[in-house]
Amino acid sequence: MTNINTIVTDMDSTLLLKAGDAIHPLNKEVLGEWQAEGNQLFLATGRLDLAILKFIHELNITTPVISCNGGLIRDFTKNEILYKSDISLDLVKEVLATIHAQGLDFHIYTTERILGPSKSGKIAFFDKLNETLPENEQVPLTISADPLAELKEGEFPLKILVIEESKEKQAAIKQALSGLPLSVLSSASNLVDIMNKGIDKENGLRYLASQGYIDLTTTAAFGDNENDAGMLEASQIGVAVANAIPTTLERADEVTLDNESGGVGVYIQEKLLGNK
């Protein structure tokens, strides 16, 4: 494994502690050492990148960030969007009609903010988190009974997030959307992520590879959920944290400790830094 010089990691339930508002201290320490030795670090998240600015700053990230499960790649050092796959408004309306018909809660992630009809789900989480963040790290949120009416010129919808605890209702919405040109994945036990067809973190990773940012043969990727599985398979080494869902564990090359134990940091210390 001495040829691995690039790490790509998921955030929630992988790099972050269970509450989702802090990086495990060991992960932060080890990733700092990883970068200090001249290696690359990339973040790949289902969140909107504007919702992880706190972590981008903490980890001194200067590489492009994959967010919205590969629907957006932004270079914050240049304040430039390198890639986006925005969902057409007609398709967004069709998805929302299906969501409304099933009485489900939802958010819309755009290039500029998170929109939703109520202060619930991730919006409630980020709204609470904003109380502790400086202004330049706060997550941009808009609550509106008609979120689509809030879209501004030059603002693009990238992901629709359904918040639902019931596995039966999650399966129902996935089935209802199966005939549309969409990628529908789970990013957490109560979340269903909806993007354009073919969009996932693997797609984001392969875009970066095609543009010369990374070499997949020297990359190790870390993750825990359905939206990470393709990314793990595309990398030279795919590592699942022990708390990963069964299908991701099966598709990973190796398994490390869970996120609450700093599994990412432990693996890097023992298998990557230790062998350099």
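Residue count for segment 157-191, restricted to those that are open to solvent by less than 20 Å² (accessible area, probe 1.4 Å) and part of a loop (DSSP other than H, G, I, E, B): 1.
Results for (1) acidic (D, E); (2) open to solvent by 10 Å² or more (accessible area, probe 1.4 Å), shown as yes or no for each residue.
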| site | (1), (2) |
| --- | --- |
| K201 | no, no |
| Y207 | no, yes |
| Q211 | no, yes |
| L216 | no, yes |
| F222 | no, no |
| E233 | yes, yes |
| I237 | no, yes |
| A242 | no, yes |
| R251 | no, yes |
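For the structure I just gave you, tell me whether T111 is open to solvent by less than 60 Å² (accessible area, probe 1.4 Å), under 16 Å from the mean Cα position of the chain (by Cα) and modelled with pLDDT of 95 or more. For T111, the condition - open to solvent by less than 60 Å² (accessible area, probe 1.4 Å), under 16 Å from the mean Cα position of the chain (by Cα) and modelled with pLDDT of 95 or more - is met.
So, in segment 103-133, exactly how many residues are assigned to a loop (DSSP other than H, G, I, E, B) and either without any contact (Cβ under 8 Å) to a residue 24 or more places away in the chain or among the polar types (S, T, N, Q) (or both)? Break it down into steps so the answer makes sense when it comes.
Pass one, segment 103-133, residues assigned to a loop (DSSP other than H, G, I, E, B): 103-104, 111-113, 117-120, 131-133.
Remaining after also requiring either without any contact (Cβ under 8 Å) to a residue 24 or more places away in the chain or among the polar types (S, T, N, Q) (or both): 103, 111, 118, 120, 131-132.
Of the residues in segment 103-133, 6 are assigned to a loop (DSSP other than H, G, I, E, B) and either without any contact (Cβ under 8 Å) to a residue 24 or more places away in the chain or among the polar types (S, T, N, Q) (or both).
If the condition is being assigned to a helix (DSSP H, G or I), at positive phi and of a type outside the set (A, V, I, L, M, F, W, C), then segment 67-96 contributes N69, G70.
Consider H100 carefully, then state whether it is more than 27 Å from T217 (Cβ to Cβ), surrounded by fewer than 18 Cβ atoms within 10 Å (Cβ to Cβ) and either free of Cβ contacts under 8 Å to residues at least 12 places away in the same chain or in contact with a Cys (Cβ under 7 Å, 6 or more places away or on another chain) (or both). Against the criterion (more than 27 Å from T217 (Cβ to Cβ), surrounded by fewer than 18 Cβ atoms within 10 Å (Cβ to Cβ) and either free of Cβ contacts under 8 Å to residues at least 12 places away in the same chain or in contact with a Cys (Cβ under 7 Å, 6 or more places away or on another chain) (or both)), H100 qualifies. Which of the residues spanning segment 66-78 are surrounded by fewer than 24 Cβ atoms within 10 Å (Cβ to Cβ) and either of a type outside the set (V, I, T) or touching a Leu at 6+ places or on another chain (Cβ under 9 Å) (or both)? R74, D75, F76, K78 - these are the residues of segment 66-78 that are surrounded by fewer than 24 Cβ atoms within 10 Å (Cβ to Cβ) and either of a type outside the set (V, I, T) or touching a Leu at 6+ places or on another chain (Cβ under 9 Å) (or both).
Criterion first (more than 21 Å from F156 (Cα to Cα) and either acidic (D, E) or touching a Cys at 6+ places or on another chain (Cβ under 7 Å) (or both)) does D200 satisfy it?
On the way: more than 21 Å from F156 (Cα to Cα): no; either acidic (D, E) or touching a Cys at 6+ places or on another chain (Cβ under 7 Å) (or both): yes.
Here the answer is no, as D200 does not meet what is asked.
Which of the numbered conditions does L89 fail, given that it passes all the others? Conditions: (1) closer than 26 Å to K174 by Cβ; (2) open to solvent by 20 Å² or more (accessible area, probe 1.4 Å); (3) of a type outside the set (S, T, N, Q); (4) touching an Asp or Glu at 6+ places or on another chain (Cβ under 7 Å). Every listed condition holds for L89 apart from (4). When every residue of segment 242-252 is checked against the conditions, none turns out to be closer than 19 Å to P64 by Cβ and among the hydroxyl-bearing types (S, T, Y). Taking the conditions (1) in contact (Cβ under 8 Å) with a residue 60 or more places away in the chain; (2) touching a Lys or Arg at 6+ places or on another chain (Cβ under 8 Å) in turn, N136 satisfies each one other than (2). If you scan segment 253-263, which residues turn out to be crowded, with 19+ Cβ neighbours inside 10 Å and of a type in the set (G, A, S)? G262, G263, listed by residue number.
So, F125, is that one surrounded by fewer than 17 Cβ atoms within 10 Å (Cβ to Cβ), in contact with a Gly (Cβ under 9 Å, 6 or more places away or on another chain) and under 30 Å from Q175 (Cβ atoms) or not?
Details: surrounded by fewer than 17 Cβ atoms within 10 Å (Cβ to Cβ): yes; in contact with a Gly (Cβ under 9 Å, 6 or more places away or on another chain): yes; under 30 Å from Q175 (Cβ atoms): yes.
Against the criterion (surrounded by fewer than 17 Cβ atoms within 10 Å (Cβ to Cβ), in contact with a Gly (Cβ under 9 Å, 6 or more places away or on another chain) and under 30 Å from Q175 (Cβ atoms)), F125 qualifies.
Sort out which residues of segment 137-153 are buried (at least 18 other Cβ atoms within 10 Å of the Cβ) and in a loop (DSSP other than H, G, I, E, B), and write them in order of number. Selection gives Q138, V139, L151.
The values are calculated or read from the model by the stated rules, or taken from the named source; none is laboratory data. Just so you know, these numbers come straight off a predicted model, no measurement behind them. Ideal geometry is used to build each Cβ from the backbone, glycine not excepted, and the neighbour counts take in all protein chains shown. SASA here: full protein model, heavy atoms, side chains in, ligands and nucleic acids out. Shrake-Rupley method; radii C 1.70, N 1.55, O 1.52, S 1.80 Å.
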